[in-house]
Structure formats: structure tokens, C-alpha cells
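Colleague: Here it is, the structure in full.
The values are calculated or read from the model by the stated rules, or taken from the named source; none is laboratory data. Quick caveat, the model's predicted, so the values are computed rather than measured. Heads up, the Cβs are rebuilt from the backbone with ideal geometry, glycines too, and the neighbour counts pull from every protein chain shown. Accessible surface areas use protein heavy atoms only, side chains included; no ligands, DNA or RNA. Shrake-Rupley method; radii C 1.70, N 1.55, O 1.52, S 1.80 Å.
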Amino acid sequence: MNDMRIVRKDVDMNDTKISAKKVQVFYGDTHAIKDVDVEIKDKTVTAFIGPSGCGKSTFLRCLNRMNDTIDICRVEGNILLDGEDIYDKRVDPVQLRAKVGMVFQRPNPFPKSIYDNIAYGPRIHGLAKNKADLDEIVEKALRRGAIWDEVKDRLDAPGTGLSGGQQQRLCIARAVATEPEVLLMDEPCSALDPIATLQVEELIDELRENFSVVIVTHSMQQAARVSQKTAFFHLGNLVEYGDTEQIFTNPQDERTESYITGRIG
Amino acid sequence: MHNDSKHIASAFDRDLEAIQAMIMKMGGLVEVAIKDAAQALEERDVELSEKVRLSDKAIDQLEESVNEEAARLIALRSPTASDLRTVLTVMKISTNLERCGDYAKNLAKRTGVLVNMSPIEGAAPSIRRMAREVEEMLRLALDAYIQRDTGLANEVRHRDLDVDQMYNALFREFLTYMMEDPRNITACMHLHFIAKNIERMGDHATSIAEQVIYLTTGEMPEDARPKGDVTSQTALGAEDL
């Protein structure tokens, strides 16, 4: 009881990791993202919130060029990672995605052993010199994914045999195994129960020490719990971006207020 | 920023309206208590002062209900932004009103003692004027609350200066009476506590006005609130008489 400090979730890093300027995204004729400017800080959890179809996932997918895989999708504007344009012709999207990892809505482990799920990325990126190296990488990633203690005795068992929450933490461990700098998470807890959700949230908070995390979530409470910065998207526009505390206690834009308080805008 | 549009969950709107209705009901009871207590003092009406003492129970019960409802709203609805500020401010305002109710009850109790003493000339009407001013401030503060009117709230904050000045004048008057004749001391002490308590009610009305500003703007007023109570630095000697 002698610790009287309130744990404030301040942004302790002011370096910009990703800087997006005037980003536009089109799906065919549909203008999905309109003129979005945002600076994502390093070693900070940034939450993207907004109603379905507001463009938050689309924008997230711009950050590691996942939209390249959609033929009719066109991205304009600049997205800089550490000051370098990720849409530059010389950038290899595969290398980019090793730097900017991603975790999806539903856990999607490979139909392989737990060990191989983690080892896959480091192997193809040549991060391990030998088996001992690889073992070490796998253990470190599983520890970071907060799942090591649960799986260390059955690394050869199939990843798909784990529970949903464990599978998702396995996927997060897989994403961090390649030592990314940014971790994108697209509704990582929507298929999890409340306890597994809290475990993943705790994990996200720990990951913040090493990575910049960007999370898309439909749960406003989750955004409030895990993030230091929050961006509210609406109809393809970035309506408001600020410190999470400010967004949830005193939003400046009426649309943000309507959305987070659950009103018809 | 405040938002007038409806929640998607209509029960949430009903809950927020209900809790604010409790505040208005409390406010109404407190206004009547102040008015009746001051009237009972001036008219030396023991029956009316007894009524004031009994009515405080209803105010206390309402405060408890407000707290329970606020806790329920926080637990079940996780209010954010202006909804959160509404819940936080109703809790504070109910505390302010409950204190005012206590002061009115205390006034009524002291009236029960004072009726057995010879009256101090001019004191009761002055106290009644002061009570009327505070009652008006409280009414305006609650109007400002319901209308989310920061202009009106600021007006209330500045009116507290008048109450403070009335109290300063009474304070000096009582000192004078006591120095004139020690037999006045008991009555003057009671009257002084009454005046002090009414002055405190003015502070509570001011605090409610500040809550209105916080509720509407998200920030507490920055300028220091006007203060006019100088009695804590007042020394009155025989040479002043």
C-alpha cells in the first residue's frame, strides 16, 4: 500500500517510427482512405478504432504493404518507416514484412509443429547459423509470446492442437521471431475468451518495450486498456488522433465522442 | 464537449437521466431546507425548524441512491467522455448538496436554542438575506447544470463574492455585540456559526458551478475562484469600537 503512484500510460518515446503523409487508398473506384496523415511513435501501442468499414484495417494493411496482394487496390501518398519510403520500388515487400510483422484476427498457425511454426520465419530469413541458434530463437520467441511454459514440453506437437488463446499467442510469438520493429495486429483478440484476451493484452504491453505495436480493435475498452495513442477513423478519414487518455475522457471531435460513448452520430 | 444525441442503448440514456433527476430532486429539497431554516430563525418558529431537521433524512437517502446508481453505471456501462464526466459530476454534486442539507439542519438545531434567548437586533434578517442569496446561487448552479450553461455557471462563481462580503459584515457585527455585552456571547456564537455555515453553502454552490464547467468543457476552470472571506485575517480590538 505504500506505492501511491497511479500507473499512467504515458508515451515515453517520442521518436516517430512510421510517418504517413496524405495516404489515399482506392479499391477500384471506391475511395477507402482519404488523405490520412499520422505519425506512429516508436515503442508505443497505437490503437486504431472506428466503425466497420471505416478504413482502419485497410490503413493498417498499408503499413506492411499487405494491400499489394489485392489487384484492384491502389495506394497513394507516402508511408515512411524510419524515414524510408516503404512503397519505393527498391523495397522488397518480403523483407519489409519481416520488419513489420502482422497478427490476424483469427489465429492461423501453420499445420506444423509448434517448433516449426516459430522456426519458419527465422529459417527463410537466414537468422540462425545452426540448430542451437535456432533453438534459442524459438525459445526466446515463445517466451516473448508468453506461452513458453505452456508448450516447452511438447514443441513437436502440432500448433493447431493448442487452444484458441494459445494459438493466438503462438502466432504472436511467430510474428516476433523474425525480430520485427513494428507489430501490426488486426483485431487479435476477437476470437478469444476474456481471460485469453487479458493474457494477450498483457503480452502487448510487454512487447511495447521492444516494438512499436499498432492494433486495430473493435473493443473500445481494449483500446483504452492497451494503447497509449488512439486514432479514430470514420468513413475513410482519420478524424482524431491523440493520447488515449484524452480520447477517452475528453475527445475534441463530436464524431469521436458519439462513437466512443455509443451514440448515433 | 457535450453530446445531446441519444445512445444506441436506450437504457443507458434512461439511467443517466434518472441519476440526474435525483440530483434535481435533491437540489429542490436543499433549497427548501435553506429557505425554511432561515425563515424559522427569523420568525422564531420552532415547528418549522423541526420540519427542516427531519427533512434532512430524505436528502441523505438521495445522496446514497446517487452513489449506488453511479457505481452501477460505472460497473455496467463503462461510461466514457461526456458520459463519464456526467457520472463523476453527479457524485460530486450530490456530496455538495448533502453538505448543504447538513448545514441547513444545523441552522435549524441552533434555532431551537436561540429561541430561548433574547434576539440580537438585526442579525436574523441579515442571515435570512444571506441565505436567500445562497439559495439563489444554488438554484442557478443547478439550472446551469441541467442546461449545461457555462456562462451561467461562471456567473454563480462570481456571486460567491457577495456572500463572502455579507459574512464579513456579520462577523464584525457579532464581534461588536459580544464586546458590548458579554451576555450576548452565547447567542452571537450560535449566530456566527450559522453565518459561517451559510457562507460554506455558498462555497458548495460555487463548487457545483465548477463541476458544470468541467462537465461541459472537460476541464476545471483555470482562473482562481474569487474569494472574499477575509475573517481569517481579521482582528478586532477595543479601539475599533
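Colleague: Provide a whole-number value for the mean count of partner chain Cβ atoms within 10 Å of the Cβ atoms in peptide B:80-87.
Modeller: 6
Colleague: On the protein heavy atoms, probe 1.4 angstrom, tell me the percent of accessible surface of segment B:2-217 carried by carbon and sulfur.
Modeller: About 52 percent, which is the carbon plus sulfur part of the accessible surface.
Colleague: Please go through segment A:201-265 and write out the GluC sites (Glu not before Pro) that DSSP classes as loop and that have at most 13 other C-beta atoms within 10 Å.
Modeller: Answer in residue order: A:GLU209.
Colleague: Separate question: For the interface of B with A, what's the total buried accessible surface in square angstrom, probe 1.4 angstrom, rounded to the nearest hundred?
Modeller: Working: alone 11860 and 13380 Å², together 23880 Å².
Separately minus together, B and A give about 1400 Å² buried.
Colleague: I've got another one for you. Determine the order of B:LYS57, A:LYS112 by accessible area, beginning with the largest, at a probe radius of 1.4 Å. Intermediate values should be presented prior to the final figure.
Modeller: Numbers: B:LYS57 140, A:LYS112 85 Å².
Per-residue accessible area, sorted high to low, gives B:LYS57, A:LYS112.
Colleague: In percent, how large is the relative contact order of chain B, given Cα pairs closer than 8 Å and 6 or more residues apart?
Modeller: 25 percent
Colleague: Hey, can you grab everything whose amide H is under 5 Å from the amide H of A:GLY77? Only 5+ residues off in sequence or another chain; H modelled, so Pro and N-termini drop out.
Modeller: Close amide H contacts, sequence-distant or interchain: A:GLN24.
Colleague: Using 5 Å bins from zero, what percent of all Cα-Cα pairs in chain B falls into each bin?
Modeller: Going out from 0 Å in 5 Å bins, chain B shows 1, 7, 14, 16, 16, 14, 11, 8, 6, 4, 2, 1, 0, 0, 0 percent.
Colleague: Here is a further query. Where in segment B:145-241 are there trypsin sites (Lys or Arg not before Pro) that are in a DSSP coil and have at most 13 other Cβ atoms within 10 angstrom of their Cβ?
Modeller: Those satisfying the criteria are B:LYS227.
Colleague: Going by average Cβ neighbours within 10 Å, how do the peptides B:95-102, B:24-31 rank, with the highest at the top? Intermediate results must be reported in sequence, preceding the final value.
Modeller: Working: B:95-102: 22.6, B:24-31: 20.4.
The peptides rank, most packed first, as B:95-102, B:24-31.
Colleague: If you roll a 1.4 Å probe over the heavy atoms of the protein chains, what accessible area per residue do you get for chain B, in Å²?
Modeller: 46 Å²
Colleague: Also, quick follow-up: Per the Kirkwood formula on distinct C-alpha pairs, the Rh of the protein assembly as shown is how many angstrom?
Modeller: 27.3 Å
Colleague: Under 5 Å between amide H atoms, partner at least 5 residues away or on a different chain: which partners does A:VAL216 have, H built in plane at 1.01 Å?
Modeller: Under 5 Å from the amide H of A:VAL216 lie the amide H atoms of A:PHE48, A:MET185, A:ASP186, A:GLU187, each far enough along the sequence or on another chain.
Colleague: With viscosity set to 1.306 mPa s and temperature to 10 °C, compute the Stokes-Einstein D of chain A, Rh being the Kirkwood radius across alpha carbon pairs; µm²/s, no decimals.
Modeller: Answer, rounded: 83 µm²/s.
Colleague: To continue, here is another question. Counting only C-alpha contacts under 8 Å and six or more residues apart, can you give the relative contact order of chain A as a whole percent?
Modeller: Here the relative contact order equals 26 percent.
Colleague: What spacing in nm lies between the two simple spin-label points modelled at B:MET24 and A:ASP133, each 7 Å away from Cα in the Cβ direction?
Modeller: It works out to 7.4 nm between the two label points.
Colleague: Here is a further query. Helix B:46-77 sits at what angle to the longest principal axis of chain B, using alpha carbons and giving 0 to 90 degrees rounded to 10?
Modeller: Here the helix axis deviates by roughly 30 degrees.
Colleague: Please arrange B:ASP164, A:ASP15, A:ASP156, B:ASP149 by accessible surface area, largest first, computed with a 1.4 Å probe and ligands excluded. It would help to have the intermediate numbers written out before the result.
Modeller: Values: B:ASP164 5, A:ASP15 90, A:ASP156 135, B:ASP149 55 Å².
The most accessible residue leads, giving A:ASP156, A:ASP15, B:ASP149, B:ASP164.
Colleague: Another question about this same structure. Threshold 10 Å², probe 1.4 Å: give the residues of segment B:3-45, in number order, that are less accessible with all protein chains present than with their chain alone.
Modeller: B:ASN3, B:SER5, B:LYS6, B:HIS7, B:ILE8
Colleague: Let me ask another. If you take the beta carbon distance between B:LYS35 and B:ARG183 as r and set R0 to 30 Å, what does 1/(1 + (r/R0)^6) give as a FRET efficiency, to the nearest 0.05? Before the final figure, lay out each step's value.
Modeller: Numbers: r = 31 Å, r/R0 = 1.03.
E between B:LYS35 and B:ARG183, to the nearest 0.05, is 0.45.
Colleague: Expressed as an acute angle from 0 to 90° and rounded to the nearest 10, what is the orientation of the C-alpha long axis of helix A:194-207 relative to the principal long axis of chain A?
Modeller: Computed tilt is about 90 degrees.
Colleague: If you don't mind, there's one more thing I want to ask. As an exercise, identify the trypsin sites (Lys or Arg not before Pro) in segment A:81-110 lying in DSSP coil whose Cβ has no more than 16 other Cβ atoms within 10 Å.
Modeller: Sparse-neighbourhood loop trypsin sites (Lys or Arg not before Pro): A:LYS89, A:ARG90.
Colleague: Return the sequence-ordered ³J(HN,Hα) values of segment B:28-40 in whole Hz as given by the Karplus equation 6.51 cos²θ - 1.76 cosθ + 1.60 applied to θ = phi - 60°, using x for Gly and Pro.
Modeller: Once rounded to whole Hz, the list reads x, 5, 5, 4, 4, 4, 5, 4, 5, 5, 5, 5, 4.
Colleague: Report, to the nearest 10°, how far helix A:164-177 tilts away from the longest principal axis of the Cα atoms in chain A, using its own Cα long axis and a range of 0 to 90°.
Modeller: Between helix and principal axis, roughly 90 degrees.
Colleague: A further question follows. Ignoring ligands and nucleic acids, what accessible area does B:GLU180 show with a 1.4 Å probe (Å², nearest 10)?
Modeller: B:GLU180 exposes around 130 Å² with every protein chain in place.
Colleague: Describe numerically, in nm with one decimal, the distance between label points set 7 Å from Cα along Cα→Cβ at A:SER219 and at B:GLU17.
Modeller: Inter-label distance under the simple model: 3.2 nm.
Colleague: Oh, and also: Would you kindly derive the ³J(HN,Hα) couplings of segment A:246-253 from the backbone phi angles with the Karplus curve 6.51 cos²θ - 1.76 cosθ + 1.60 (θ = phi - 60°), listing them in order in whole Hz, with x for Gly and Pro?
Modeller: Those phi angles translate into 5, 4, 8, 9, 8, x, 8, 9 Hz.
Colleague: Sort B:SER10, A:SER57 by accessible area with a 1.4 Å probe, largest first.
Modeller: Descending order: B:SER10, A:SER57.
Colleague: Heavy-atom accessible area of A:THR261 with all protein chains present, probe 1.4 Å, nearest 10 Å²?
Modeller: That residue has around 10 Å² of solvent-accessible surface.
Colleague: Separate question: Whose amide H sits under 5 Å from the amide H of A:MET102, counting only residues 5 or more places off or on another chain, with H placed in the peptide plane?
Modeller: Residues meeting the amide H criterion: A:LEU184.
Colleague: Grab the DSSP H runs of the protein assembly as shown that are 4 residues or longer, score each as -39,500 (n - 2.57), total them, divide by all residues and round the 222 nm result to the nearest 500 deg cm²/dmol.
Modeller: Roughly -18500 deg cm²/dmol at 222 nm, from the helical runs in the protein assembly as shown.
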